[in-house]
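The values are calculated or read from the model by the stated rules, or taken from the named source; none is laboratory data. Since we're looking at a predicted model, the values are computed, not measured. All Cβ positions, glycine included, derive from the backbone under ideal geometry; neighbour counts span all protein chains shown.
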Amino acid sequence: MAMNRSKRRIVIFLWVLFISVGCSAKDPVRIGFVGGITGRVADLGIAGRDGVILAVEEKNAHGGINGSAIELIIKDDEQQSDIAVKVDRELIEAGVCAIIGHMTSAMSVAGVPIANENKILLISPTTSTNALSGLDDYFYRVFPNSAQTSTLLADKVFNRFGLRRVSAVIDITNREHTESAFDAFRDRFEALGGKITAVDTFLSGPDISFMKMAEAVVSRNADCIYILANALDSAMLLQQLHKLGSNTQVVSSDWSATDELVHFGGSAAEGLFFMHTLDANSTAPRYLAFSQNFYDRFGRKPGFAACHAYDAAQILFAALEKDPDAAVIRETIHDIGTFNGLQGLIRFDESGDVIRDHFPVRVKNGLFISGE
């Protein structure tokens, strides 16, 4: 018997409702990224941003997180603490489940109270300050704290190179990193029997006289110069030291280990040494594939900031796939415990500090070469 018109309308309505509900897209998973992507130290922020963009694009191409697309919201902290606080709040108001960032220690120190207040995970690719170590908070990082890196660097300078007198140059614009790194270096170096002959500080900016700075450093008669500054400022100081004919061994904080260092430093950067979290000679399949994909997408090779940002994103994805509840992301990361990074396993301690290997790196022929 033919279905009457009224019943037919009801069936059609229910069928359309079923189709619309069954085929509707899931709500996106919103993730924030924040770093300094404009200004004098934008190299770190841009690299981190692009590492996360690639991770999100790859994940979305394979179905997203449990069938939900990832929506990435990017903010620029401009390397200013008040802006960092502002954009973190904006990301939280936009409904992100977690924030990847910040890219410098100073900005992370500013942002962690906002993360704690709102119980939102802040996972940093490159923050190293000891001030955020050992805390029960909403901060995780895939970059080792300064105490680890600087202690290893002091050991190399004293035991491997046989150097005893160090003159330091510190950019206090990002003092949460630079002073933290220097304090750990000094403590270990002096415990070994070395001496810090002088400490010169400066505020990063366009009006710095790097020649005057270099002249002061050379006058210290140290057998090692320790530069703790961003890549551009480090390169400018190296240029002036080179003009003065200085052959003193220079070591650096890994903050400066970006392409800008060798681009602007040129031959003056040759021989610069630091302890690093990235093995430039790695043949790990995951790292090689990432490097090629990053080059294909952005037209340049990835540095440590891009690699660590990609790893941070992958850790976040893994946690959300196991438990999509944003309220328990940090607990989920803790429960998973160990993650496959681009160059090996990544593990966290109880407070969210990373446990990972370091590599001695030297600038040779304009490249970062691992091994010493």
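Descriptive notes on the structure:
- Selection within the stretch 327-370 - surrounded by 19 or more Cβ atoms within 10 Å (Cβ to Cβ), in a strand (DSSP E or B) and touching a Leu at 6+ places or on another chain (Cβ under 6 Å): 363
- Being closer than 21 Å to residue 99 by Cβ and at pLDDT 95 or above is not true of residue 326.
- Residue within the stretch 283-297 that is among the aliphatic types (A, V, I, L, M) and crowded, with 23+ Cβ neighbours inside 10 Å present: no
- Sole residue being at pLDDT 95 or above and out of contact with any helix residue (DSSP H, G or I) (no Cβ under 9 Å at 6 or more places or on another chain), chosen from 268, 289, 306, 312: 289
- Test result for residue 264, under 30 Å from residue 217 (Cβ atoms), touching a residue at least 12 places away in the same chain (Cβ under 8 Å), out of contact with any strand residue (DSSP E or B) (no Cβ under 9 Å at 6 or more places or on another chain) and surrounded by fewer than 19 Cβ atoms within 10 Å (Cβ to Cβ): yes
- Hits in the stretch 207-227 - residues which are assigned to a loop (DSSP other than H, G, I, E, B) and touching a residue at least 40 places away in the same chain (Cβ under 8 Å): 220, 221, 222, 223
- Boolean, residue 91 is more than 19 Å from residue 137 (Cα to Cα) and surrounded by 20 or more Cβ atoms within 10 Å (Cβ to Cβ): no
- The lone exception for residue 269 - which of (1) over 19 Å from residue 100 (Cα atoms); (2) exposed (fewer than 15 other Cβ atoms within 10 Å of the Cβ) it fails: (2)
- When 63, 36, 32 are checked against the criterion of being closer than 23 Å to residue 296 by Cα and modelled with pLDDT of 95 or more, a single residue qualifies: 63.
- Residue in the stretch 339-350 that is without any contact (Cβ under 8 Å) to a residue 12 or more places away in the chain and of a type in the set (Lys, Arg) present: yes
- Residue check: residue 324 meets all listed conditions (1) touching a residue at least 60 places away in the same chain (Cβ under 8 Å); (2) assigned to a loop (DSSP other than H, G, I, E, B); (3) under 20 Å from the mean Cα position of the chain (by Cα) but one, namely (3).
- Condition check for residue 235: assigned to a helix (DSSP H, G or I), at pLDDT 95 or above and more than 26 Å from residue 122 (Cα to Cα): yes
- Per the listing 198, 191, 181, 154, the residue uniquely of a type outside the set (Val, Ile, Thr), farther than 14 Å from residue 229 by Cα and surrounded by 24 or more Cβ atoms within 10 Å (Cβ to Cβ) is 154.
- Those residues of the stretch 161-187 which are among the hydrophobic types (A, V, I, L, M, F, W, C) and assigned to a strand (DSSP E or B), in sequence order: 166, 168, 169, 170
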